[in-house]
Amino acid sequence: AYDREAVVASALAEHSLSPRLAVQAGPTFEAGRIGRDGVLDPYSLLGVVGGVRWDGTTSLLNPTSGQRASVTATPYWSMQDGATFTRLLATGSTYVDVSGDGGSVLALRAAVGSVVGASFDQIILDKRFYAGGGGSVRGYTYQSIGPRDAQNRPLGGASLLEFSAEWRQRISGPWGAVAFVDGGSVSEDMMPGSGTMRIGVGGGIRYNTAIGPIRVDIGMPLNPQTGDAAYALYVGIGQAF
């Protein structure tokens with residue numbers, strides 16, 4: 001979506017408060033150039049990352065019950081012009097073992113993000129929010145959802161709202177299948193959900209291995225934007241979320 005030449009340095013430290021709860025904090029610095037069509041503007045950002053993460057699920061790659069949640073806040077200060085803004089992101093998911101033996105699982109996920117303290121044009125391209133793709137809204141091209149420029153390229157947004165609901169069903173032995181509906185909205189406004197909600201539906205197969213399930217999903221966009229394909233195929237290791 002954009003061209004970037006940058007040097008990134010960070011000293012983030014994570015501390016486990018319990019087997020399920022961890023906190024992260026530390027400074028980060030970025031300097032370089034970013035833009036499109038060969039026009040790259042210089043930037044330099046100094047930030048402080050703070051976050052907390054909870055994982056009460058049964059498995060990292062194939063959870064059948066429990067919850068996950070994370071919240072991060074990163075204030076940034078531009079050394080170019082003195083502007084400041086803060087990037088906020090909260091994600092959560094829950095897994096319900098409907099059958100009691102992991103054979104039928106209802107998985108739900110949500111994400112909410114906002115950049116506060118700056119106008120949309122002041123937010124550099126890689127600090128904006130993007131949606132679409134295998135771990136986001138299936139049926140849409142990677143990071144394609146939201147505002148676009150005159151060449152129909154994604155511009156990103158100042159806010160993000162996503163949700164997913166997926167039914168995971170064991171079929172026989174290592175084989176399984178899923179059916180899902182995903183939704184996502186990216187907007188130039190900092191209020192999550194203020195943009196058009198794009199919905200994707202589809203299904204897939206799973207083959208369980210010792211390192212996690214191999215997944216193959218096919219998603220279709222219900223309300224595509226101009227230039228979007230009729231479907232998208234995704235292949236990966238581990239569940240989509």
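The table for this structure:
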item: Residue among PRO221, PRO174, PRO213 with the largest mean-square fluctuation in a Gaussian network model of the chain, springs linking Cα atoms under 10 Å; result: PRO174
item: The range 13-52: relative contact order as a whole-number percent, Cα under 8 Å and 6+ apart; result: 40 percent
item: Length-normalised contact order of the chain in % [C-alpha pairs under 8 Å, at least 6 apart]; result: 13 percent
item: For the range 1-100, the fraction of alpha-carbon pairs in successive 10 Å shells from zero, as %; result: 14, 31, 27, 19, 8, 1
item: Net charge over other residues, Cβ less than 10 angstrom from the Cβ of THR94 (K, R count +1; D, E count -1); result: +2
item: Correct choice for Cα extents along the principal axes in Å that was computed from the model, options [x] 85, 31, 28; [y] 59, 47, 29; [z] 62, 40, 33; result: [y]
item: ³J(HN,Hα), Karplus 6.51/-1.76/1.60, whole Hz, each residue of the range 101-113, x for Gly, Pro; result: 10, x, x, 10, 10, 9, 10, 10, 9, 8, 9, 9, x
item: Percent accessible area from carbon and sulfur atoms, the range 1-132, protein chains only, probe 1.4 Å; result: 58 percent
item: Distant-in-sequence amide H partners of GLU188 (H built 1.01 Å from N, under 5 Å); result: ALA158
item: Derived scalar couplings ³J(HN,Hα) [the range 205-214; Karplus, 6.51 cos²θ - 1.76 cosθ + 1.60; whole Hz; x for Gly, Pro]; result: 10, 10, 10, 6, 10, 5, 9, x, x, 7
item: FRET efficiency for SER119 and GLU14, using Cβ-Cβ distance with R0 set to 41 Å, rounded to 0.05; result: 0.80
item: Between the range 212-241 and the range 48-80, the alpha-carbon center distance in angstrom; result: 23 Å
item: Positive-end residue, the chain charge dipole about Cα centroid, Cβ charges, pick of GLN143, HIS15, THR196; result: HIS15
item: Inter-label distance for GLN80 and ASN223, nm, one decimal - labels placed 7 Å from Cα along Cα-to-Cβ; result: 3.4 nm
item: Trypsin sites (Lys or Arg not before Pro) lying in DSSP loop within the range 1-81, provided at most 16 other Cβ fall within 10 Å; result: ARG20
item: Charge context of GLY204, other residues only, Cβ under 11 angstrom, K/R +1, D/E -1; result: +2
item: Taking all pairs of distinct alpha-carbon atoms in the range 130-241, Kirkwood radius in angstrom; result: 14.4 Å
item: Computed log₁₀ I(q)/I(0) - Debye formula, equal Cα scatterers, no solvent, the range 1-50, q 0.21 Å⁻¹; result: -0.74
item: Listed residues GLY117, GLY82, GLY102, most fluctuating in the chain (Gaussian network, C-alpha, under 10 Å); result: GLY82
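The values are calculated or read from the model by the stated rules, or taken from the named source; none is laboratory data. Just so it is clear, the model here is predicted, and its values are computed rather than measured. Because the Cβ atoms are built from the backbone with ideal geometry, glycine has one as well, and the counts that use them run over all protein chains shown. Only protein heavy atoms, including side chains, enter the accessible area calculation; ligands, DNA and RNA are left aside. Shrake-Rupley method; radii C 1.70, N 1.55, O 1.52, S 1.80 Å.
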